[in-house]
Amino acid sequence: MAVLAVGLGATSRAAAAEPTEAELKAEMVERFTRFIDWNPDDLPPDELFLCVVGESPLTRPLEKIARARKIKDRRATVRVVDAPATVDCHIVVIGGNDRKRLAAVVARTEGHGILTIADAPGAAAAGAIINFYLDAKHVRFEINTRAARDSGLKVRAKLLRLARVVGGKS
């Protein structure tokens, strides 16, 4: 979390204003991309599609980030989509605790160079690559290294050291 926390300090928010949980998670989503490598064939050179499936409080903060700066050195577009449309995305944020929705997204994205990020208990064990969880009121994350490897994504050691690893080592 130290690497992510240092990066969060660089935001333009007023020092007195604490970010909401959704804003913090949205910033973390952007920071994750700095420590994950896609196969060059999986990312177009100029645009990145960040998709949200289901209701998520992260949608608006992600849109704000996408308007303000590039993600992975690319212009980012945030879209709200259904599970079948996720194959056209580079990053998919899965909102809510709907197990069927999670399973549908994992089934559609599995084996593709798509980073899946959830915010539901057990989501990483169920196949999401990254999952947020709260630990003593602190936002933490876990990484399913097997799902990342199967998707052709390389998670750098710096990010893995900060995560709770599930699904085996890559």
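FYI, it's all coordinate maths here, none of it is from the lab. All of these numbers come straight from a predicted model, not from anything done at the bench. A quick note on method: Cβ atoms are made from the backbone with ideal geometry, for glycine too, and the neighbour counts reach across all protein chains shown.
I want to confirm something. Restricting to region 39-79 and keeping residues that are part of a loop (DSSP other than H, G, I, E, B) and within 14 Å of the chain's Cα centre (by Cα), which single residue is surrounded by the most Cβ atoms within 10 Å (Cβ to Cβ)? Lay out the reasoning, then the answer.
We begin by selecting, within region 39-79, every residue part of a loop (DSSP other than H, G, I, E, B); these are 39, 43-46, 54-58, 69-70, 72-73.
From what is left, the residues that are within 14 Å of the chain's Cα centre (by Cα) are 56-58, 72.
Details: 56: 21, 57: 15, 58: 25, 72: 15.
Result: 58.
Taking the condition part of a loop (DSSP other than H, G, I, E, B) and either touching a Leu at 6+ places or on another chain (Cβ under 7 Å) or surrounded by fewer than 20 Cβ atoms within 10 Å (Cβ to Cβ) (or both), does residue 122 pass?
Details: part of a loop (DSSP other than H, G, I, E, B): yes; either touching a Leu at 6+ places or on another chain (Cβ under 7 Å) or surrounded by fewer than 20 Cβ atoms within 10 Å (Cβ to Cβ) (or both): yes.
Yes, satisfied.
Quick one: in region 85-113, of everything that is among the charged types (D, E, K, R) and within 13 Å of residue 127 (Cα to Cα), which residue is surrounded by the most Cβ atoms within 10 Å (Cβ to Cβ)? Please lay out each step first, then the result.
Here is the first cut: in region 85-113, the ones among the charged types (D, E, K, R) are 88, 98-101, 108, 110.
Of the ones still in play, those that are also within 13 Å of residue 127 (Cα to Cα) are 99-101, 108, 110.
Details: 99: 12, 100: 8, 101: 18, 108: 20, 110: 13.
The residue in question is 108.
Could you identify the single residue in 143, 117, 129 that is hydrophobic (A, V, I, L, M, F, W, C), under 18 Å from residue 59 (Cα atoms) and crowded, with 17+ Cβ neighbours inside 10 Å?
Numbers: 143 fails: under 18 Å from residue 59 (Cα atoms); 129 fails: under 18 Å from residue 59 (Cα atoms).
On inspection, the qualifying residue turns out to be 117.
Just to be sure, is residue 82 surrounded by 24 or more Cβ atoms within 10 Å (Cβ to Cβ) and of a type in the set (Asp, Glu)?
Details: surrounded by 24 or more Cβ atoms within 10 Å (Cβ to Cβ): no; of a type in the set (Asp, Glu): yes.
Taking the combined requirement at face value, the residue does not satisfy it.
On the basis of being surrounded by fewer than 20 Cβ atoms within 10 Å (Cβ to Cβ) and either in contact (Cβ under 8 Å) with a residue 12 or more places away in the chain or within 14 Å of the chain's Cα centre (by Cα) (or both), does residue 158 make the cut? First the steps, then the outcome.
Values: surrounded by fewer than 20 Cβ atoms within 10 Å (Cβ to Cβ): yes; either in contact (Cβ under 8 Å) with a residue 12 or more places away in the chain or within 14 Å of the chain's Cα centre (by Cα) (or both): yes.
For residue 158, the condition - surrounded by fewer than 20 Cβ atoms within 10 Å (Cβ to Cβ) and either in contact (Cβ under 8 Å) with a residue 12 or more places away in the chain or within 14 Å of the chain's Cα centre (by Cα) (or both) - is met.
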